[in-house]
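J.: Encoded as structure tokens, here's the structure I'll be asking about.
The values are calculated or read from the model by the stated rules, or taken from the named source; none is laboratory data. What you see is a predicted model; the values in this text were computed from it and never measured. Cβ placement follows ideal geometry from the backbone for every residue including glycine, while neighbour counts extend to all protein chains displayed.
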Ligand SMILES: *Cc1c(COP(=O)(O)O)cnc(C)c1O
């Protein structure tokens with residue numbers, strides 16, 4: 001027996017982990033600086049090869065987070081249905097599908113993505129969203145999805161009609177609105193009566209009775225989703241207590257409730273302080289959700305998006321210019337709000353780090369990090385203390401795996417960035433950078 005082999009995971013001398021296991025600083029080969037790596041690839045190499053701005057994802061970070069999430073619920077029969085809207089790249093969906101993950105979709109387009117990746121994955125698909133069209137319902141019926149989450153009486157009527165026309169039974173759950181406040185940004189809080197989501201819990205038993213009357217609807221579950229980026233776990237428990245009461249009531253009414261869909265919404269740490277390690281945090285989350293359901297013999301469905309993919313992604317961008325307006329210092333970078341809109345849309349905080357870390361670089365300075373788009377809202381950070389940065393330097397904007405690329409647009413006729421999935425020493429282009437011709441393709445200058 002020799003000394004234990006140093007495994008890849010073990011942190012090596014001089015290595016500083018930023019987001020484990022995806023991002024870390026490692027010593028540069030011949031210089032006294034540290035270079036930010038995604039797994040085993042130095043980011044300057046990726047910038048060179050694929051250009052900037054560039055979304056990069058760590059495959060092992062995604063797998064690790066999916067496994068931790070799944071493991072946290074080991075005590076209960078459950079299916080993790082990754083929320084496709086957080087990041088719908090086919091390469092990401094494929095990676096998760098191979099691991100046995102199911103999917104939560106909110107459109108016919110997202111369903112089609114899942115089917116492209118694996119036809120058989122339909123059995124693990126739940127379909128959410130307040131405005132499903134007849135065509136989307138038809139596609140989901142044909143694919144044979146696991147569950148429709150129904151959000152209104154009109155939607156229930158339409159699904160009953162589409163299912164009958166096709167003679168395919170649709171399994172349904174009603175998404176109830178538990179009226180619990182989730183302490184998060186008002187735009188991503190969904191569990192209050194004043195929000196558009198779900199049906200009021202006091203109305204549920206009438207709608208369940210209506211659904212049970214329909215020959216082609218099979219009532220199988222109750223579903224709930226109270227919002228996103230929730231870091232205080234108490235609202236999850238409150239919501240599940242109400243759901244548990246409803247399940248008991250519905251069973252008394254004679255409905256066979258087998259599934260509870262607990263939705264998504266588990267938050268991540270966008271700053272380095274605050275939340276416990278993911279394995280612990282997701283463990284607490286699992287307890288918060290499962291405890292009220294104890295003894296009910298249910299199959300739990302979970303729809304995590306951000307908590308699986310958020311910290312696994314970074315946006316690599318190059319500094320174009322320095323700019324001083326009076327005493328205010330700006331860094332103009334080549335990424336913009338069209339590539340990552342979260343700061344502009346939610347005033348979201350994202351950590352921004354230099355790809356090269358040089359201990360001898362000098363004193364920190366205060367910058368606004370902004371993009372080239374003609375909007376004051378086009379910023380990534382305001383009054384941010386950072387090490388000195390030169391024109392041409394690379395920066396990484398962290399924790400952008402979720403609600404990053406999926407919200408990207410072509411505003412200012414900017415082609416959207418490429419996306420790269422890293423696995424160990426391999427980088428795979430999972431979406432090429434748009435060309436200007438891609439942007440014009442659907443338009444016509446003349447009749
Ligand atoms: C957005 C959404 C999710 C995923 O939320 P995260 O905060 O990314 O975990 C899950 N379920 C539904 C119905 C959603 O709308």
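J.: So residue 299 ticks every box in (1) surrounded by 20 or more Cβ atoms within 10 Å (Cβ to Cβ); (2) touching a strand residue (DSSP E or B) at 6+ places or on another chain (Cβ under 6 Å); (3) closer than 22 Å to residue 124 by Cα but one. Which box is left unticked?
T.: Only one criterion in (1) surrounded by 20 or more Cβ atoms within 10 Å (Cβ to Cβ); (2) touching a strand residue (DSSP E or B) at 6+ places or on another chain (Cβ under 6 Å); (3) closer than 22 Å to residue 124 by Cα is unmet by residue 299, namely (1).
J.: In addition: Please go through segment 285-329 and give me each residue that is assigned to a strand (DSSP E or B), over 21 Å from residue 400 (Cβ atoms) and within 16 Å of the ligand (Cβ to nearest atom), ordered by number. Give the derivation first.
T.: In the first step, residues of segment 285-329 are kept if they are assigned to a strand (DSSP E or B); the result is 299-302, 313-325, 328-329.
Keeping just the survivors that are over 21 Å from residue 400 (Cβ atoms) gives 299-302, 321-325, 328-329.
Residues satisfying the conditions are 300, 301, 302.
J.: Mind listing just one residue for me: the one in segment 193-217 that is over 17 Å from residue 159 (Cα atoms) and within 16 Å of the ligand (Cβ to nearest atom) and, of those, surrounded by the fewest Cβ atoms within 10 Å (Cβ to Cβ)?
T.: Checked segment 193-217; the qualifying residue surrounded by the fewest Cβ atoms within 10 Å (Cβ to Cβ) is 196.
J.: Can we say residue 131 is within 15 Å of the ligand (Cβ to nearest atom), surrounded by fewer than 16 Cβ atoms within 10 Å (Cβ to Cβ) and part of a loop (DSSP other than H, G, I, E, B)?
T.: yes
J.: Still on this structure, I have one more. For segment 285-300, name all the residues that are in contact with a helix residue (DSSP H, G or I) (Cβ under 9 Å, 6 or more places away or on another chain) and within 19 Å of residue 219 (Cα to Cα).
T.: The answer is 293, 296, 298, 300.
J.: Of all the strands (runs of 3 or more DSSP E) wholly in segment 26-103, which have at least 3 residues that are at pLDDT 95 or above and farther than 17 Å from residue 114 by Cα?
T.: In segment 26-103, 34-38, 54-58 are the strands (runs of 3 or more DSSP E) which contain 3 or more residues that are at pLDDT 95 or above and farther than 17 Å from residue 114 by Cα.
J.: Restricting to segment 80-95, and then to whatever is within 15 Å of residue 302 (Cα to Cα) and in contact with a helix residue (DSSP H, G or I) (Cβ under 6 Å, 6 or more places away or on another chain), can you tell me which residue is farthest from the ligand (Cβ to nearest atom)?
T.: Let us first name the residues in segment 80-95 that are within 15 Å of residue 302 (Cα to Cα), namely 80-86.
Cutting the leftovers down to in contact with a helix residue (DSSP H, G or I) (Cβ under 6 Å, 6 or more places away or on another chain) gives us 80, 82, 84, 86.
Numbers: 80: 11, 82: 9, 84: 9, 86: 4 Å.
Ranking the candidates gives 80 first.
J.: Follow-up question, since we're still on this one. Check whether at least one residue in segment 251-271 is in a helix (DSSP H, G or I) and more than 16 Å from the ligand (Cβ to nearest atom), and report yes or no.
T.: Scanning segment 251-271 turns up at least one residue that is in a helix (DSSP H, G or I) and more than 16 Å from the ligand (Cβ to nearest atom).
J.: Same structure again: Go through 406, 353, 332, 366 for me and flag whichever is over 30 Å from residue 265 (Cβ atoms), touching a residue at least 40 places away in the same chain (Cβ under 8 Å) and not in a loop (DSSP other than H, G, I, E, B).
T.: Being over 30 Å from residue 265 (Cβ atoms), touching a residue at least 40 places away in the same chain (Cβ under 8 Å) and not in a loop (DSSP other than H, G, I, E, B) holds for just one of 406, 353, 332, 366, which is 332.
J.: Restricting segment 272-284 to residues that are touching a helix residue (DSSP H, G or I) at 6+ places or on another chain (Cβ under 7 Å) and assigned to a helix (DSSP H, G or I), which is farthest from residue 18 (Cα to Cα)?
T.: 283
J.: Which condition does residue 151 not pass, out of (1) within 14 Å of the ligand (Cβ to nearest atom); (2) under 21 Å from the mean Cα position of the chain (by Cα), if it passes all the others?
T.: Every listed condition holds for residue 151 apart from (2).
J.: Surrounded by fewer than 19 Cβ atoms within 10 Å (Cβ to Cβ) and either touching a residue at least 24 places away in the same chain (Cβ under 8 Å) or in contact with a strand residue (DSSP E or B) (Cβ under 9 Å, 6 or more places away or on another chain) (or both): which single residue out of 109, 100 fits that description? Show your work before the answer.
T.: Numbers: 109 fails: either touching a residue at least 24 places away in the same chain (Cβ under 8 Å) or in contact with a strand residue (DSSP E or B) (Cβ under 9 Å, 6 or more places away or on another chain) (or both).
Sole residue among the options that is surrounded by fewer than 19 Cβ atoms within 10 Å (Cβ to Cβ) and either touching a residue at least 24 places away in the same chain (Cβ under 8 Å) or in contact with a strand residue (DSSP E or B) (Cβ under 9 Å, 6 or more places away or on another chain) (or both): 100.
J.: Against the condition touching a strand residue (DSSP E or B) at 6+ places or on another chain (Cβ under 6 Å), closer than 19 Å to residue 76 by Cα and either away from the ligand (no atom under 16 Å from the Cβ) or assigned to a loop (DSSP other than H, G, I, E, B) (or both), how does residue 220 come out, does it pass?
T.: yes
J.: Looking only at segment 223-234, how many residues end up being surrounded by 19 or more Cβ atoms within 10 Å (Cβ to Cβ) and either more than 16 Å from the ligand (Cβ to nearest atom) or part of a loop (DSSP other than H, G, I, E, B) (or both)?
T.: 5
J.: State the number of residues belonging to segment 396-438 that are farther than 22 Å from residue 91 by Cα and exposed (fewer than 15 other Cβ atoms within 10 Å of the Cβ). Outline the logic, then answer.
T.: Filtering segment 396-438 down to residues farther than 22 Å from residue 91 by Cα leaves 411-414, 436-437.
Remaining after also requiring exposed (fewer than 15 other Cβ atoms within 10 Å of the Cβ): 412-413, 436-437.
Here the count works out to 4.
J.: I've got another one for you. Go through the residues of segment 156-164 one by one and say whether even a single one is part of a helix (DSSP H, G or I), touching a residue at least 60 places away in the same chain (Cβ under 8 Å) and under 19 Å from residue 261 (Cβ atoms).
T.: Within segment 156-164, one or more residues are part of a helix (DSSP H, G or I), touching a residue at least 60 places away in the same chain (Cβ under 8 Å) and under 19 Å from residue 261 (Cβ atoms).
J.: Pairs, please: C-beta under 6 Å, at least 6 apart or cross-chain, first residue closer than 10 Å to residue 168 by Cα and in segment 209-220, second assigned to a helix (DSSP H, G or I)?
T.: What qualifies is 216/163; 216/164; 217/160; 217/211.
Listed here are the residues, each with its yes/no results for (1) within 16 Å of the ligand (Cβ to nearest atom); (2) in the same structural domain as residue 80 (by TED's automatic domain parsing); (3) farther than 26 Å from residue 254 by Cα.
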position	(1), (2), (3)
139	no, yes, yes
160	no, yes, no
179	no, yes, no
183	yes, yes, yes
